[in-house]
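Worksheet for the structure shown next.
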Amino acid sequence: MNGDKVTKALLFLSSLTILLLSAGIVLSLTGGAIPAFREYGLGFITSTVWNPTSGSEEYGALPFIAGTVITSLLALLLCIPMAFSTSLFIAEYFRGTRTAGILRSLVDMLAGIPSIVYGFWGFYALRPLLISTGLTDQGFGIFTASIVLAIMIVPYATSLSAEIIAMVPSELKEAAYSLGATRREVIFNVIIPSARSGIVASFILALGRALGETMAVTMLIGNANIIPKGLFSPGNTMASVIANQFGEADGLKLSALIAIGLLLFAITALVNAAGKFIIRRFA
Amino acid sequence: MSDTHTTEPVLKIEGLSIAYEPGRYAVKDVSATVRRNSITAIMGPSGCGKSTLLRAMNRMHELYPNIETKGDILLDGQSIFSMSVIELRRKVGMVFQRPNPFPNMTIYENVVAGYSLNDIRLKKNQRDEIVENALRNVTLWDEVKEFLFRKGTFLSGGQQQRLCVARAIAFNPEVLLLDEPTSALDPIATSKIEDLLGELKQKYTLVLVTHNMSQAARISDDSMFMYLGELVESGRTETLFTTPKDPRTEAYLTGKFG
Amino acid sequence: MDNLLINNISRRNRTNARLKYIIIAGAVITVVPIFLIVGNLALKGYRQINMAFFTEPAPDTFQAMMATSSGEVIPGGIANGLIGSLLMVLVASLVSIPLGLMTGVYLYENGTKRYANFIRSLTEILQGVPSIILGIIAYLWIVKNITRGYSALAGSTALTIMMLPLIIRSTEETMKMIPVTIREAAFALGTPYYKMVIKVLIPVSFSGLATGVLLALSRILGETAPLMLTALGSPSVSLDLTNPVSAVPLLIWDFYNDPNMVNLVWSASLFLMVFVLSMNLLSRSIASKHKYI
């Protein structure tokens, strides 16, 4: 009987580490961000100046927030048709076949490739391709980063969407078929309406992935601390500015970078929570 | 019903075989006919192929991948495999084992789902008429006329199943296929559906799969008995139940297959 | 009504067929990058992969420049990165696997109690935290306060925090699939609680747990961003947890930034990708073989 109590106490204690870790992360980020926020107040979020020259130091996060939001939303936009057709391929058109199994494994493989490899491939393979289209001189920028980001988040959106599409009761699909509906009509009138919230949630969770993605974006976005001016403009995301400048930072700059980290943490946590909420509530 | 009707079958099944995998037949060389304005019951132990045979009648069995079909089914003399599936399913409707109203649609929308899913635009008064007629035909009108624009999922199981019948007949089919339509219902709801089927045969031809022998005896005019994919025996229900020709039919009717 | 139907059949069949082709085309476009990436890396990276690639540390930029200019294969390899990666992953596993397993069992046992739900939500949030932020955290906690400088320990800490939620979730999900009757059978035999956990729960769900661990490992092996802020990188092979170490992804980053080393970056990327993907595939094949638990 005593043994039981000890085991249960041990299990409980280990669960406490999650509590401590979470609290620790929030406290440390907030603590580290305080100097920056004390210096600039909420203006830190809306300022577009990023000037680390000592003497005239000034830091604002808006260019990076804009870069993160724009690349992630663009990536999501590019990802939607890919993930949508792949999940219908797997969970509807070729459901249960060997082809669907192979496709699923290939998509899973996309999730397994390390971020830095994507960045490297984007740099040496995708960038020259974009330059050859004549749309961009350097090949760096928002659009290049978003394409690679879209490929990277496809597996996350696909696997969840496919799971939810597969869960649409076959009775409903059969009812529609028995009334003479074609497959396209079944998809648009039965499957998508029943799976809608789950599909939306899967795209929100994929967006959450895109927001925090670091290496591939850092290697492709061009690292300019400005609000992007167009599709092919260089920029910087919250994650990429941290990766690029953290190593040599101290004092106010370090605090500003940590503050950006805190904002990124808050944004991804919110987006992920929204996705999970929709899944729990409606799917 | 007059004799001209009885001599001219609505459905004629000719040497039909269906395999889910090469060599594994769910239906083996079945030939049979279905008379107009009658109820035909297909019976047999589970796994005997009765549902597959029923589904073949409006080609719902083709939803499975790699299915292999031999033989033919004629609807009014025309092969159903030469027709467009859309047209066929418009003429041969189906009701399923479990009530399956579309949860995203209201009761009203469910009844006209056949039209909306098929992109057929109707005027509002036409739609209203179709909904009222179909719901009256399944004796559901009085129960739901106040709630037409609510989702159908709050209805009881029996009401939902009658709604599904209404959805099928709103399209005015010739034949209505029913796959164990009462197996998920309680006895009262079951007897309501059975009464309903008796009335529906005035207008439609019904084919019913059932595992319930007494149900087949109560409401069907003709019966087919299937075993291991073969059609063992078919004919008038009275004859089949009182003087079965095949020993397997007799064994089933006396409860030996369970 | 009949006419309306007949008229639109061919149009509907056409749009129906068109959708199918669109779906197939979309799915094919989605998986094309995997072939491009694997093909590209294999073609350009295989030449550098030999014995020395695994046994020698990375060359300096001068050696690489000499070799490149005389058209030879760049000497040296990725041994310092390989050892550093293994060291940090080992330390992270030693902490996160037992801790994650115990927390997972706790969540499974306490189902939907409020505290358990809270911990479960925190675990989900933790799983979604971008890895670069965990790099900041390990920097603030370890680099600044404990090792007073970049260190393998700081890298391990970041990786531990990454692995922990993955292990917890896979443990709980796996155990949920064990039929209740199995637990009850153990209790009916008078088995004490801790023995039920050790002798029944964990062995029965072993393949699921192994899958979870392998997937977590394949995730952290490719991580670069948090290590840039913590382990920093080192030109020599080192096993000291309090000193900076290299890691395979960190080497790729170094090679990428050094124009003389481009050939090495292809092979290092190829190696990392093959290593990570095979771990990933291994875990999935275990998972599909033991589907029921």
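The values are calculated or read from the model by the stated rules, or taken from the named source; none is laboratory data. Worth saying up front: this structure is predicted, and the values here are computed from it rather than measured. Positions of Cβ are generated from backbone atoms using ideal geometry, with glycine treated the same way; all protein chains shown enter the neighbour counts. In case anyone asks, the SASA skips ligands and DNA or RNA and just uses the protein heavy atoms, side chains included. Shrake-Rupley method; radii C 1.70, N 1.55, O 1.52, S 1.80 Å.
Assorted remarks:
- J(HN,Hα) series, the range C:151-156, from Karplus relation 6.51 cos²θ - 1.76 cosθ + 1.60, nearest Hz, glycine and proline x: 7, 4, 4, 5, x, 4
- Total accessible area lost when C and A pair, probe 1.4 Å, Å² to nearest 100: 6700 Å²
- Accessible area of the range C:190-244 belonging to carbon and sulfur atoms, whole % at 1.4 Å probe: 69 percent
- Three-way shape call for chain A based on the alpha-carbon gyration tensor, with the a/c threshold at 1.5: oblate
- Taking a point 7 Å from the Cα of C:Asn13 along the Cα-to-Cβ direction, the residues of the range B:67-93 with backbone N closer than 15 Å to it are B:79-90.
- Alpha-carbon centroid distance for the pair the range C:238-275 / the range C:14-89, whole angstrom: 12 Å
- Where chain C is the region considered: accessible area per residue in Å², 1.4 Å probe: 44 Å²
- Bridging of C:Lys176 to aspartates and glutamates at a Cα separation below 13 Å is possible for C:Glu109, once same-chain residues fewer than 8 apart are set aside.
- Charge context of A:Gly32, other residues only, Cβ under 14 angstrom, K/R +1, D/E -1: +1
- Nearest-20 debye value, the protein assembly as shown charge dipole, Cβ charges on Lys, Arg, Asp, Glu: 720 debye
- Farthest towards the positive end of the charge dipole of the range C:80-289, among the residues C:Val248, C:Tyr193, C:Ser85, is the Cα of C:Tyr193, using unit charges on the Cβ of Lys, Arg, Asp and Glu.
- DSSP beta bridge pairing in the protein assembly as shown, given as percent antiparallel to the nearest 5: 60 percent
- For chain B, share of DSSP beta bridges that run antiparallel, in % to the nearest 5: 60 percent
- Residue (of A:Ser15, A:Trp50, A:Leu62) at the positive-pole extreme of the range A:1-100, dipole from beta-carbon charges: A:Ser15
- Apolar share of the accessible surface for the range B:114-154: 47 percent from carbon plus sulfur atoms, 1.4 Å probe.
- Added length on full extension, which subtracts the Cα-Cα distance from 0.36 nm per residue, A:Arg281 to A:Leu27: 88.4 nm
- Simple spin-label estimate for A:Phe12 and C:Thr61 in nanometres, 7 Å along Cα-Cβ: 5.8 nm
- Of B:Leu200, B:Leu135, B:Pro187, farthest towards positive along the dipole that unit charges on Lys, Arg, Asp, Glu beta carbons give the range B:3-253: B:Leu135
- All lysines inside 28 Å of B:Lys123 as judged from Cα atoms, apart from same-chain residues fewer than 8 positions distant: A:Lys173, B:Lys91, B:Lys145, B:Lys151, B:Lys203
- Exposure ranking of C:Phe206, A:Phe89 by accessible area [1.4 Å probe, largest first]: C:Phe206, A:Phe89
- Net charge of the neighbourhood of A:Ala273, taken over other residues with C-beta under 11 Å away and scored Lys/Arg +1, Asp/Glu -1, is +1.
- A Förster radius of 25 Å, combined with the Cβ-Cβ distance separating C:Ala188 from C:Arg114, puts the computed FRET efficiency at roughly 0.25.
- By definition, a body whose alpha carbon gyration tensor gives a ≥ b ≥ c is oblate when a/c is 1.5 or more and a/b is not larger than b/c, and the range B:69-194 fits this oblate description.
- Per-residue HN-Hα couplings for the range A:81-90 [Karplus 6.51, -1.76, 1.60; θ = phi - 60°; Hz; x = Gly/Pro]: x, 5, 5, 5, 6, 5, 6, 5, 4, 6
- For the pair A:Leu129 and C:Ile286, a Förster radius of 45 Å applied to the C-beta separation gives a FRET efficiency near 0.75, rounded to the nearest 0.05.
- Taking C:Trp266, C:Trp141, B:Trp141 and ordering them by how much accessible surface each has at a 1.4 Å probe, largest first, produces C:Trp141, B:Trp141, C:Trp266.
- Taking amide H atoms as placed 1.01 Å from N in the peptide plane, the amide H of B:Ile73 lies under 5 Å from those of B:Glu14, B:Ile80, B:Phe81, each 5 or more residues away in sequence or on another chain.
- Take the range B:3-253 with all the other protein chains still there, run a 1.4 Å probe, and you get 42 Å² of accessible area per residue.
- The residues of chain A present an accessible area of 38 Å² per residue when probed at 1.4 Å with all protein chains retained.
- Per-residue 3J(HN,Hα) values for the range B:213-228, derived from phi via the Karplus relation 6.51 cos²θ - 1.76 cosθ + 1.60 with θ = phi - 60°, read 4, 5, 5, 4, 5, 5, 10, 8, 8, 10, 9, 10, 10, 10, 8, 6 Hz in sequence order (x marks Gly and Pro).
- Virtual spin-label span in nm between A:Leu77 and C:Lys20, 7 Å along Cα→Cβ: 3.3 nm
- Near C:Tyr106, once Lys and Arg are set to +1 and Asp and Glu to -1 for all other residues with Cβ below 11 Å from its Cβ, the sum equals +1.
- Distance between modelled label sites at A:Ile227 and C:Leu36, nm, 7 Å Cα→Cβ extension: 3.2 nm
- Rounded to the nearest 0.05, the FRET efficiency derived from the C-beta distance between B:Ser214 and B:Glu62 at R0 = 25 Å is 0.15.
- Chain A, helix-only ellipticity at 222 nm - DSSP H runs n ≥ 4, -39,500 (n - 2.57), divided by all residues, nearest 500: -23500 deg cm²/dmol
- Using the rule -39500 (n - 2.57) for each DSSP H run of four or more residues, divided by the residues of chain C, the 222 nm mean residue ellipticity is -23500 deg cm²/dmol.
- Put A:Ile164, B:Ile188, A:Ile226 in order of accessible area, highest first, and with a 1.4 Å probe you get B:Ile188, A:Ile226, A:Ile164.
- Semi-axes of the equivalent ellipsoid of the protein assembly as shown are 62, 30, 27 Å, computed as sqrt(5λ) over the eigenvalues of the C-alpha gyration tensor in descending order.
- Its convex hull of Cα atoms gives chain C a direction-averaged projected area, equal to a quarter of the hull surface, of 24.5 nm².
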